[in-house]
Each structure stands twice: as C-alpha cells, then as structure tokens.
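For reference, the structure discussed in these notes is given below.
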Amino acid sequence: MFDIELGKHVDCDGVTRRDFLKVGGLAALGLMLPDFLRVASASPNRRDVSVILLWMGGGPSHIDTFDPKPDAPQEIRGEFAAIPTKVSGIQISDKLPLLAQQMDKFSILRSVTSPDNTHETATHYLLTGYPFNPAIPYPAYGSVLAREKGSINGLPPYVLMHGLPFGHGGGGYMGAVYNPFQINGDPNNPHFSVQDVSPPNGVNMERIQRRRAILQELDTFQRQVETQQRAVQTMDQFYEQAYNLITSPVAKKAFDLKQEPEKVRDQYGRNHFGQSCLLARRLIEAGVRFVTIHFGGWDTHENNFGALKGHLLPILDRGYAGLLQDLHERGMLDTTLVVWMGEFGRTPKVNSSAGRDHWAQAMSVGIGGGGVKTGMVVGSTNERAEAPRDRPIRVEDVAATIYRALGINTEKEYLTPQNRPVRINYDGVPIQELF
Amino acid sequence: MKPSSRYLPIMLSCLTGLLLLSPVVLARTQNRPTTATAQTAPKPISRKEIPTSHSSPPKGIVRPQTAAPAPPKPTAAKISLRVEPSEIPLYGPRAEGRIVATATLPDGTAEDVSAQATLQSENPKVARIGADRILRPVSDGETALTVAFQGQTVRVKVRVQDAGKRIPMDFAREIVPALTANGCNQGTCHGSQYGKGGFKLSLLGDDPAFDYHQIIKQARGRRVQMTDPARSLLLLKPVLGVPHVGGLRLKTDSLDYRNILAWIQDGAPAPGTDDPQVTRIEVLPDQRTLSPGKTQTLVVRAHYSDGKIYDVTRWARFTTLNDSIASVSPQGLVRALRRGETSIMVRYSGQATVARMAVPYAQIARYPKLPEHNFIDTHIVRKWKNLGLLPSELSDDASFIRRVFLDVIGTPPTPEEVQAFLADTAPDKRAKLIDRVLDRPEYADYWSLKWGDLLRSNRTTLGSKGMWSLTNWIRAQLRENRPADQFVYDLITAQGSTFTNGPANYYRVASNPPDLAETTSQVFLGVRLQCAKCHNHPFEKWTMSDYYRFSAFFARVGQKGSQEFGVFGGENVVRLNNGGEVYHPKSGALMKPAPLGGYPERMKRRGAQTAQLTDPEPDAGGDRRVLLADWITKDNILFARNIVNRYWGYLMGRGLVEPIDDQRITNPPTNPELLDALAKDFMDNGYDIKRLIRTICNSRVYQLSSQPTPANRADTLFYTHHPIKRLPAEVLLDLVNFATGTQEKFDGLPLGYRAIQLPDPQINSYFLDTFGRAPRVIACECERPAEPNMTQALHLMMGEMVNRKVQSDNAVVAKMIQEKRSDREIIERLYLLALARPPRSEEMESALRIIRDFQERPAKLPAQPNALIPQVAVQRKPELRERDRRTALEDILWALLNSKEFVFNR
C-alpha cells in the first residue's frame, strides 16, 4: 500500500492541510474515487473539535433534570427537589448530585423550544437541525462532520452506540456512506467486544493475514478477466478501510475497555450507559470525531418519578458527570463538545398515571466542552416551565451552535440526489452567550 | 464567466470530417419502428455471432481527436438550410422572435449557423431585426424573415398583432419570469419556505397571486413606491441602491429593470384570475448531435391557453443535467464538452422540458451490422450507432447462467446445473434456460420480496396477520403470473378485512389521501408527487392542484376496527365513507378527483344537456377509486413505462429512467424509443410480467459480457457491456449459506427458510441489516441502500457467522474431507458453489499450491541463540498435515466468499 498526495485542501476557516489518499493496488488502474474517500484519511488538526452526543431517546423531563421549579405547585414541581451546584445561583434536580459538582464544566440551555411533539419527527429535528420533511431525509451532525473532515487513524469518523433512533441520525440524503459505524452490544458485559473488528473464534490475526493474501491472489486472477466497474472499486476501498481498522493498533486499543483501570470504569458507572460513555472517550482519544450514545427509556408517560429515581437519573448522573470529569482531567474537554439532549421535554403538569407526557414547547439541553463557555444558564422558562420566558432558542440555533463549535461553515450547500440545494444548517443562529 | 459563450466562429471546411450526425430526421421526427414487425421470437444463439476478439475494432472507427484531415470544402449547392420555428407570431409591442438555423451538409452532418446566417425582414415597417439579431414588432401586419446562409435561403412567416396597442405590463407573464430569471425566487433565496430577510416569494414564481400580495401588501407596502417607482425597495435592493444580502441581481440598464419599473409606473396591475396560462413550453431544437467544442443555440417558446405563442428565451432557465458532457449559458447556448449524452433542462413559468444533446464517442464510417435477437436490440443498436459505440462480446455460458439465476429467481444454480448447461450444445440453450428458470418456484419467492418492498408489507404497521395476508396475496399473484394491470386494479379498489383480503392492507400502509396519492403515483406510475404537496413541482409540470385532485380519489376511504375480533385482532375493515373531500390548502377550494394530466378522452362522458365532454363522476354511492384504477391500468403509457422500466432496471442494473421510480420530463430516458417499445409490447401482450422478463433476458444486450472494451469503457448509460450489479442482502445471505452448505435459522421460522422468503424486515438478522434490506417505511426504491459500506466488508471478513459457516463440521469443506475427496475435487466444488463456474487452471494450481505451502511450512522453532547457525526448515508433524489441509481449504472458501466475483452479480 502507498499514499498519494492528492493536493491541497482548504478548510472553511482558511487553514490549508494536506489530504492523503490510501489507494492500495487500485491506483495502478488510474481510477477515480468518490468524494468520501478523498478525505478518507485526513491528518488530524490539533484544533479540531470532536463531539459526544448523549441522546436521551423518548424525551427527558426538563423539570426533573435541569430546569427544576421548586416554587411551583406540587402538580408541576413533582416529587424531586432542587439542589445548589458548584456554580452559585444554578440549581438542578436533587437526583443529579454528581452532575451538580460538575456544573462548571457545562452550561444549560433552558429555553429550547420546538413545535414538534411526535417522537419520530422530533428526533429527526433534534438530530439534524431540520424539521422533518418526508421528501428529504437530512443528515445528522455526525454525518456532516464525517463528510467535511474525514477519518483519522483508520477509525470511522462517526460512531453510534445502540441503534439509530427511528432510523434517523445517519447520512440522510448524502447517502449510506455517511451513516455512523454502529457499535451494538453492552460495553458493561465482561465479554463485550465491538462486532467484527476482532477475529472470530478459531481465527487469529496470522490467519487473517494469510486469508487476505489468498484473497488478493484470487482477486488478481479475477481481475485479469474483469476490468473493474465503479461499484466494485468502491467495495475494494471499503475492504481496504475495514482492513485498516482491524489491523490498526490504535483502533484495537480504543475498542478494548479492559485497558481502563477499574477505578476509572467505576467512575463512569458499571452499567450500559456509563461504560458507553467511557468507550466514547476512548474512541475520541483515538481519532473518532463524533460519537452518539443512544440512551433510551425517557418516555415516562407513567410512573415518571419511579423510573427516573429508580434507574434513569442515577445512571445518567454517574455517566455524564464521570465523562465530564475524566475529559477535564485528561485535558480533552477543550476539544470535546459534550451535548446532552432528547427529542423534547415533558409536560409540566403530572398526569393521572404519575407520568409526564410529550412537551416540545420547552426543553433543556446540556452543552459543554469544545471551547464553549460553561457554568452558565442560557434562557429560562416561565414559572410553570411551560414555555420560554425569555430568549427562546430554536432547534436550528442548537444545530448552528454545534456546527459553530466544530468550525463548520453552515452556509455551505450540498445537493440532494434530486439536485435540490440544501444548506448544512438553515436559518440557525449560534447561541452567542456560549462563545 | 466563460469569455466565448455567445459566439463561436465556424469553419465549415472542418465540419465534414469531424461530425457524425444522423441528420435532420433525428432532430425533428420521432423515428419509431413499427414494433409489430420488429418483434420476432428470440433468435437462437449461435457461436458465429460471438466476435473472436474485441481488441481490434471494426474498420472505419475514427476518434474525434484523431480525425483525419478535413475533406475538401463541400460544393455550395449541396448544403441545405433549415430554420425553426416555421412561423413567428409577435403579440403586443414588447414581443420578441428568435430563430435557430441549421445547415446540413451532404454527408448528413448538421451545424448550428444561427449566429452566422444573414437575417433580413422583408418589410421593416411590420417587423425589424435589431442589432441583437432579435425580431421585434413595428406595426400590425404580415411579413417574412429571410434567413440566408451560403447561398441557401429560407423564408419564415411573421405575423404582428397589437404592435401599437398600449398594453400594461403583465405581472404573471412579464414580471414574475424576470424575478425567476434573475434568481430572486430560487429555493436558496426568497423562494425558500421561510423566505429571506422577511421577504418571501413563491418557489420559482409558481404562484403569481401570492407573489403579488407579498410585493404590494406585505412590509406595509414599502416594497413598491407608486409615487416614486425607482425608489421602490423591489428595485433598490437588487441593484444595491440599498444593502442587499443577495448581492447585485439586476442592472439599471437591463430590460428586466426597465420592465419592473414600467410595471410600477403603470400602477402595478395585479394578475387577473382568468389570465391565460402557459399550457406547455417547447425548446428548439429538442435534440441535436454535437461534437466536443461545438455549440448549439436554443430557442424557447411558451404556448398559452389563449392560443398565443411567445418567445420566452430571455426568461427561460437553462440547466444541464450533466455538466461534464455539455454546458449551457444563461442565454441558452449549449457547448458540447465531452463524449456521451445529456439533456438540457429548460424551465419557464412552472413548465419544464428538455433538449437532448448527444456527443458521439467515435465516428464509425461503416458501422457493422450487429446481430439482433429481438426488438430491444434494434433500439439499442440504433442508439449505439448514433453515439459511435460498439458493444462488448457475448458473456460466456458460466457468467450467463449465474446472471440469469440470480436476476430472475435470486437463487444460484447448483454445480450440477452449471455443468449440464456448460455441456449442452443445443443452439437455443440460453432461451431454454430462461424458460426453465422462469418456471421455478423460487420466482414467486424472489419477486415477492421486491413487491413486498414496494407495497411495504410489514408487521409494524399491519400487524402480523395483516402482513401475512398481504404477503400471501402478493405471492399468489406472482405464482400465477397474474397480469400486472389486474393485480394493480385489485389493490387500488380493495375493500374489506385486512386479515382475509390481502390487498386491503394497501389502505393501512398508507391511510390518508395525501400519503395514498404519493404512494400510488410513485409505485404504479413512477411519478414522485411529493414536491407538489407544498409547492408546484420545480422540475415537472405537476402543480399543487394536480396533487390534491389526485388525492381526492382517496377522500372517502375509511377504516373501522372489526367488532368480531375485538381487542385481540387488530383487524381493520377498509370501507367507503359516505362523505369526505379534499381541499386545496392554500385556496381552500374543493378539489374534484382527477388523474394526473386530466381525464383521457375515453373516460369522459357526454353531458346530458350539451354535447360537451365532461369529467366522469363515480356511480351513485360509488367508489372514486374505480375511476382511478381504470385510468391507471387501462391504456395508460405512464403505468406501462413504469413497470417495464423497473424490470429493465432490476435486470440490466440501471433503469432506462434512473432513479427507476422517478419518471418526469426533466429526467428523460436514455433510450426513449426503447422504453416506449417495451411499454407498448407489455400493453399489447396482456401485461404479462414473465413475458417481459423473458423478452429482456433473450435480448442480446442482456447477454453481453460485463467486460468492457477499451472503446466502450467510458460508457455507463447505454449498456454496451453488462453493468455489475450489487446483490440484494437477502440473496447474498442465501448465497453464503449455499456456498458453505449450511442453513440459516430465523426467529419463528423453520430451519432452512431462505432469506428471500422472509415476509418482512421485522425478522432479526444482523447480516441483512448490515447489507441493507428495505425497512419498508417509504414507497421508494431508494430505501434499499445502493452503496456498499465498510461495515459490510467487516462483516464478511470478520463476522462470526460467516466464519462459523466456513469452519463448521457440517459445512462443505469438513464434509468433503470426510468423504475422502481429493484436493482437486474439493476446490472444483468450492468454485462451482461460490462462483457457479469451475476454477480456471491457474486458479486450481494456485489453490493447490496454497494447501501445499501451508502444510509444508516450517514448524515454529525456538528462538536461535546464535544467529550464525543457519535455520533449518523442519517438517510439520504428519498428523498435523490433515488439519492444515482443512484449514487451508477453509481459508480458500473464505477468500471465495470475500471475492468480488462472489459479492456481485456480473
């Protein structure tokens, strides 16, 4: 394998960097490669910001997490109290004591508001910054980042843990090539391994190398009679990438949670979400640009308080707080944006099943790291937590904020397969208070 | 800006050698063959037809860049000149007229001489030619425009009407198109659904009444200053008289600026509700063959509902559909860049059309007589001839049998079937094989998968019983080869229980009129209507009214939960409601049901009082859907084109229209004559799908090799070599099982159930998810991912499942070793199972060597303390040799499963 310099590539912020292309034996055929492969192995830019998105599928209650209303009537206040945090003047739910101690490492957006109360469409909205439109599936932030910046160290640029919510969160109109690399399985399981990146039973790396040699010989015979067409070339490229991934010592190390000291593993919480957060940190460290962790179960129409205090909030508290602290201690927080959100908030008024229903008019978003200002609250809701009292923040603005932190020019247009010009972000204004 | 986009001097003397041109006929008439005579039984394949080599092209090929020295100048007398249009009407004082002049040389090559010909008005008091070579009215009357070139003269009739009449600026016809032409209302500017800077216009001017309101009434009327028209924001912004985010859009000395100013000076008259509408636009010429570097002038004319025709070239928007083949300037000057074919999309006032531009690959002086199996080849060969393309040779028998099996039944041939076919010497063995494959029971399994995707059969929306009911119904239609018009008719008019009447589930998959309209038009007509839900379609003539009138067919379909099954069943009964209407979301008007493009003559009824033809009404208490089903399935070319294009795409790897479910004027087929011939053949023969598949598979073009020749490698559109196709996830999984001699166990289904038989995507399979099955959420072929990805490569290489199947004691390698087969026998079998062909001798030798090398590799030695002592190769223990043999054979099988030849259908 050898590298060919394809030329200079100018970033949107004017920084010139070199793009390299690994092309293996195909280069001899003088083949054209698709765009996505052209930025496939970019050299990391020191200033590049990565993202960990903590996705609370189902829609977490804002009142019971980051927007408590201790003075509201019981039917709204709910069963939890508010506690002070490390930042004076900011209170959050008393079920999040560890996060309260990390309040200096993130900010809370309390006045985020959206008109969409339906899981599926609202999920699309929050994960892409675009309202759901049946004619155009929009790409998720991670897919855009993958397209704009490419991959590092043979690792996939965009990784998703535990399933695309409602099928959203992928490349959308940009195509499946920008879909995230999905990691399934429970990282808390002692036998956990990332699927298909380590040799299966009865096979070792030596045998893999041998098989690859056989495959190359076989392909050579086939190539003598078969000049390759584009689809075939593309598949070749993916084999190359896959092979880079499984032989990359960096990747291998990143995927192996066992290399973490027990103390660190405990700090994140010995559960599915906590260990996913830890794995996310390892992946970002190794060169992944965007990790989404899908943590479901927040659709608490019934028994809201039981479910929250029983498992959801304790797990969240430990995992999220552990992640912020660990990133900080490793000096990674300045280049890692951590975003916490779900598709909407929940009804301020508790329903007859002790649950809370969908409420998109008001929701909270947590955001910290990656150079944004922390220890702040932006916006507020009215005394009943029903709607923004001041400074309404639209979903488009949240999206624009994420892109701003990533240094992505949102004015840039992509063409859909129907040749419709679409901007990376439409009409969003980055939240100035954070920059 | 390209400096020379307007004018290119032409040296006639260079022409003849350079251009391959099929003459004027191409440009003007639809030169269709009579399909009745062209359609004969497929010819048997004979060895003689297979060219011996593709490396030596037939004599007479001249590549454009290595063209022979130009032949002597043609004698003047032999040039013929043609001018379009044949008549120029000029209505009102501001009308314009343009012409396209084409010189045809004796050898048939044609050249655009619009910019070189001499133009003269015979009576300048009626109409005069300006310095810009545009004809303008002077006074009412008739005259002629004389076009002269190289001694040839053509007279074009000119009619001038209302030249002196004071006609105020027409908002819809003269102002909105100016806004469109200058980009004001495009999707990224004020045409966006949110507008821009607080000013919103309808997308590409599709709603003049809305635009008028926005311009005159919004922003407290600041946009237009009646007292001082030039101070109007509408004019100040685009000329940067005040800051404008969109930049400079208009110059004060431009005609559009003067027109908008004049419109405001006229008192900004509103568009009238009964203003004439544009009924169609035409582009001249609508097709042309060019060689690289040559240019072609385009003229656009709009036909209005009052019968008037206006030259609207000035305002038309030109877009090339492939900018690497031809570019087009904003004024409509096409420039051929590279070899291939593309279309120029032309849009004006909600209408769209295309002009086809062909740039031949090579000039072939004496095009060889190519063998043709049936009418498909006739059309294909004509296209190749026009484009200077030559096909690859016929595929070999082994590739052919695998291709036919995988394409037609999603199932590989067994080693015995392959060997029997290879040994067969009958001249018509391919045709016979196609017949045999079509009769196989897997036919219904495989195509149920496709139709299950299209109709979105899935238990999430239908419940398990509804899903099985629909799936079984689909399977029965395919097993019986029920004609397409009949089963589509049944789907559209379905009623009753979703548990007992399969097709009724069509009304649960989509259940409201807009969804049903979109699904029905996309699945059965290949028309994507979605855009027209919120704005008139930007690339097609479909308006919001078309959309909601089409939706109105479904306004009275209702559903009711069945009492009988109560809470357990989830059974629904699809039935007709007594009322229900669809209203236009903007105007609020009640929309009467109508098919796209209106009712055809045959469906109209004579009025009771007058003899006028009127739209049909459903029978009393009747089902509007019957009218729709009647329209779709009877004598409807859209329906037939859609079905034949889909099947062509499935079998040939690329639709004649691509994407295969996106038929529209601005997405023209690569071979319109072939698409229509296939559609007509399909309609004339009882909508018989098996017959359609048989016809395509028997064509010579289907049977070509996937190996391109040096000369046709660049072609990706015209089927000169067979495209390499990705396999559907289900077929690939079956192939893995087949090649390893293992079976799959799916949840809730018996062992051995094949992946292509799965009724819906709700059955767990990481393999199928990774390789991409259709989730059956939207009715679009695009649901099934077309692109491979890295996860797929990872899963085939490293996946536990694939490896287990390769290494299992029940798998093919272990079993054959147990049966004491020789290495040669096992290798041959592995190749036949995986690739449906025996190994070539060098492949066999290589495989044998791999086994031997592995067995004879030196055993691992303890590290040598003294590097000076030479390492001695030590033989592996004999008892390990048998284990090594199995390991090596399994690795060969693994490599076969990961080879491109296995993963693709070629």
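No lab work stands behind these numbers, since they all come straight from the coordinates. This structure is a prediction, so every number in the text was calculated from the model and none was measured. We place every Cβ from the backbone using ideal geometry, glycine too, and count neighbours over all the protein chains shown.
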Give the separation of the Cα centroids, segment B:504-524 to segment A:225-296, in Å.
41 Å
Based on Cα coordinates alone, diagonalise the gyration tensor for segment A:129-282, multiply each eigenvalue by 5, take square roots, and list the semi-axes in whole Å, largest first.
30, 26, 12
Bin width 20 Å, alpha-carbon pairs only: give the P(r) of the protein assembly as shown as whole percents, running from 0 to the bin holding the largest distance.
9, 32, 38, 18, 3, 0
Two-decimal Rg/Rh of segment A:300-340 from alpha-carbon positions, Kirkwood Rh?
1.18
Candidates A:72, A:146, A:82, ranked by Gaussian network fluctuation over chain A, Cα under 10 Å, top entry:
A:72
If you wrap a convex hull around the C-alpha atoms of segment B:372-439 and split its volume per residue, what is the figure in Å³?
103 Å³
In the Gaussian network model of chain A, springs joining C-alpha atoms below 10 Å, which of A:105, A:349, A:263 carries the largest mean-square fluctuation?
A:263
Report for chain A the percent antiparallel among DSSP-assigned beta bridges with both residues inside it, nearest 5.
50 percent
Provide, in order from the shortest bin, the percent of all Cα-Cα pairs of chain B in each 20 Å bin, continuing until the bin that contains the maximum pair distance.
12, 36, 34, 15, 3, 0
Find which of B:371, B:411, B:423 sits farthest along the positive direction of the dipole of segment B:352-440, computed with +1 on the beta-carbon of Lys and Arg, -1 on that of Asp and Glu, about the Cα centre.
B:371
Cβ-derived FRET efficiency at R0 51 Å, residue A:120 paired with residue B:228, nearest 0.05:
0.45
Taking a label point 7 Å from the Cα of residue B:658 along the Cα→Cβ vector, which residues of segment B:889-906 have an amide N closer than 19 Å to it?
B:904-906
What value does chain A have for Rg/Rh, both radii from Cα atoms and Rh as Kirkwood defines it?
1.00
Cα→Cβ-extended label distance, 7 Å offset, between residue B:115 and residue B:306, nm:
3.6 nm
Compute the distance in nm between two label points, each set 7 Å from the Cα along the Cα-to-Cβ direction, one at residue B:486 and one at residue B:584.
4.1 nm
Need the list of lysines near residue A:105 for cross-linking: C-alpha distance under 29 angstrom, and skip anything on the same chain fewer than eight residues off.
A:69, A:86, A:95, A:149, A:253, A:258, A:263, A:309, A:373
Just order A:270-281, B:733-744 by mean Cβ neighbour count inside 10 Å, highest at the front, would you?
A:270-281, B:733-744
Dipole size in debye (nearest 20) for chain B around its Cα centre, Lys and Arg Cβ +1, Asp and Glu Cβ -1?
1740 debye
For segment B:117-180, take the convex hull of the Cα atoms, compute a quarter of its surface area, and give me that in nm², please.
5.6 nm²
Can you give the FRET efficiency for residue B:270 and residue A:136, using 1/(1 + (r/R0)^6), R0 = 45 Å, r = Cβ-Cβ distance, to the nearest 0.05?
0.85
For the table B:805/B:900; B:745/B:815; B:369/B:725; B:125/B:165; B:125/B:251, the rows whose alpha-carbon distance is greater than 26 Å are B:369/B:725; B:125/B:251
Extreme residue, positive dipole direction of chain B, given options B:790, B:536, B:467 (C-beta unit charges)
B:536
GNM on chain A, C-alpha springs below 10 Å: top fluctuator among A:415, A:316, A:283?
A:415
Explain nothing, just the number: dipole magnitude of segment B:458-642 about its Cα centre with +1 on each Lys and Arg Cβ and -1 on each Asp and Glu Cβ, in debye rounded to the nearest 20.
160 debye
Rounded to the nearest Å, what's the spacing between the alpha carbon centres of segment B:101-149 and segment A:61-83? Just the number, please.
81 Å
Can you work out the PRE-style zone for residue B:139? Point 7 Å along Cα to Cβ, and I want the residues of segment B:145-181 with backbone N under 12 Å.
B:163-164
Ascending count of other beta-carbon atoms within 10 Å, so fewest first, for B:173, B:338:
B:338, B:173
Expressed as a whole number of Å, what is the distance separating the alpha-carbon centroids of segment B:722-779 and segment B:255-333?
50 Å
To two decimal places, what compactness ratio does segment B:420-469 give when its Cα radius of gyration is scaled by 2.2 N^0.38 Å?
1.80
Just grab the label-to-label distance for residue A:435 and residue B:460, each label 7 Å out from Cα along the Cβ direction, in nm (one decimal).
3.7 nm
Calculated FRET efficiency for the pair residue B:762/residue B:476, C-beta based, R₀ 25 Å, to 0.05:
0.70
About its Cα centre, what dipole magnitude does segment B:171-265 give when the only charges are +1 on Lys and Arg Cβ and -1 on Asp and Glu Cβ, stated in debye to the nearest 20?
320 debye
I need the Kirkwood Rh of segment B:458-642: take the reciprocal of the average 1/r across all distinct C-alpha pairs and report it in angstrom.
17.5 Å
Give me Rg over Rh for segment B:185-262, both radii from the alpha carbons and Rh done the Kirkwood way, two decimal places.
0.94
Have a look at the DSSP beta bridges in the protein assembly as shown and tell me what percent are antiparallel, nearest 5.
75 percent
